[in-house]
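I have placed the structure first, in the form of structure tokens, so that the comments after it can refer back to it.
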Amino acid sequence: MDNVAFRNAMSKFPTGITIVTTEIDGEIFGMTVNAFMSVSLDPKLVVVSIDKRATMLNALQKAKKYAVSFLNKDQKEYSIIFAGQKERMHEVDFVRLNHLPVIKDAVAALTCHVYEEHEAGDHILFFGEVTEASFADKQPLLYFDRNYGEFNR
């Protein structure tokens, strides 16, 4: 199977949009991630998948902790900023959760300590043990077939 066919098939799986953040010596690092999932209740584990070429990889390996913010339907611009336009991070409203930067007004946010790392092809999986969680009654931002959308209740 070629890469185009694989990517086209994967675009048909609807996902939420998360921003993974960490901080080292006062500098915030972040990236848009849709490869996120809950793994375990005991212990409370989640996993994010980070490309080996991403700047975020070194930051996570050094910090050994991260936060995950689930974007709300009005935060599409944040998804675009963290998909590679770091120079615009000054436009992002952060708040603190358990001493880590998270996106203000996110649907939910988690903080995690890195529990394990696993190499998986051209990515590294960061299993995080959840240390804190917050959530709000907001509608999520979704991604399907390379387009943003909303969930209507």
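Of Lys104, Lys76, all but one fail to be out of contact with any Lys or Arg (no Cβ under 6 Å at 6 or more places or on another chain), touching a residue at least 12 places away in the same chain (Cβ under 8 Å) and basic (Lys, Arg); the exception is Lys76.
Selection over region 50-75 of residues that are surrounded by 15 or more Cβ atoms within 10 Å (Cβ to Cβ) and part of a helix (DSSP H, G or I) gives a count of 5.
Number of residues in region 76-97 that are closer than 25 Å to Arg146 by Cα, crowded, with 18+ Cβ neighbours inside 10 Å and among the hydrophobic types (A, V, I, L, M, F, W, C) equals 3.
Residues of region 98-106 include none that is touching a helix residue (DSSP H, G or I) at 6+ places or on another chain (Cβ under 7 Å), among the β-branched types (Val, Ile, Thr), surrounded by 14 or more Cβ atoms within 10 Å (Cβ to Cβ) and farther than 24 Å from Leu141 by Cβ.
Considering Ala106, Ala67, Ala54, Ala83, the condition of being modelled with pLDDT under 95 and either within 12 Å of the chain's Cα centre (by Cα) or of a type in the set (Phe, Trp, Tyr) (or both) is satisfied by Ala83 alone.
State yes or no: is Val4 in contact with a Leu (Cβ under 8 Å, 6 or more places away or on another chain) and not in a loop (DSSP other than H, G, I, E, B)? Here the answer is no, as Val4 does not meet what is asked. Taking the criterion of being within 22 Å of Gly84 (Cβ to Cβ), surrounded by fewer than 17 Cβ atoms within 10 Å (Cβ to Cβ) and in contact (Cβ under 8 Å) with a residue 40 or more places away in the chain, the residues of region 17-48 that qualify are Ile28, Asn34, Ala35. Residues satisfying the criterion are absent from region 14-24 (criterion: under 14 Å from Ala109 (Cα atoms) and touching a His at 6+ places or on another chain (Cβ under 9 Å)).
The values are calculated or read from the model by the stated rules, or taken from the named source; none is laboratory data. Here the structure is a predicted model, which is why all the values come from computation and not from measurement. Neighbour counts run over all protein chains shown; Cβ positions are idealised from the backbone, glycine included.
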